[in-house]
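Accompanying notes for the structure given below.
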Amino acid sequence: MQFSEKLKEFRLKKGISQANLAEKIFVSRSAVAKWENGLGLPSDDSLNRLAEFFGVEREEFFPDQAMEAVVVKKNITISKISKLLIIISAVCLAIIIAFVVTVAVMISSSRDKPNGGDAGKMVGVWGTIYEDGFNDKLLNEQTAYDNDYILEVGKTYFLEVGARQSGGSQQIGLSSEGITFLYDNDIFNIELISEDEEPVFGVLRYYFTVKTECKFSSVVIGSNSFYENLIISTMKA
């Protein structure tokens, strides 16, 4: 039995949620979700707190006794492999879709231009996923990348898309016609919240749903020859 399975077994026997366990051992819920999904291993300190909380020896988390001696090393290796996969997938995807995104954006409607003020130069596009409304940003303390998210299957989140700009006092506005999304329709669903809604501070808002389990799946946002890559994985309940 793997560590992820043992941890979930202990948690379920204790009758507590991932969030409650995370609070008890002073880590984020996403960290517990990653451990139970086999996407990472705890640090030595976190492992000690887990053993103390469940009242077991550290060895009980690992059927293979030799495995405990390489927990930290394996955790580092998994982290490096995950980051490498993200970088490789992003680079490969960028090469494949660069031409497609450029052509699609060139033939789309030009972005909304603000009235009054000095608009800066657009230097990129960004996308951020929120859990509840637009105030609760999903922060993932266990990843090195801001665009790496762990989401629940079937739950509707909120996606904001805006322009990165250099200089200027007026926020650059984007038009929904000028935004291109590239993603697997079998995995994700992205829907503009309102066709009639005017962008607030140049930011567009979408409903974002993960329809099925996935690991390191990409959602590419393109606008005016710029693109942003979001990496999505799912957690188990």
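Some observations on this one:
- In segment 3-63, one over the average inverse separation of all distinct C-alpha pairs is 11.3 Å, which is the Kirkwood hydrodynamic radius.
- Cross-link pairs beyond the 32 Å C-alpha cut-off, checked among LYS6/LYS80; LYS121/LYS215; LYS121/LYS155; LYS13/LYS211; LYS34/LYS121: LYS121/LYS215; LYS121/LYS155; LYS34/LYS121
- Cβ-derived FRET efficiency at R0 35 Å, PHE216 paired with GLU59, nearest 0.05: 0.65
Bear in mind that the values in this text are calculations on the coordinates, not laboratory data. Only a predicted model underlies this, so the values are computations on that prediction, with no experimental measurement involved. Cβ: placed from backbone, ideal geometry, glycine included. Neighbour counts: every protein chain shown.
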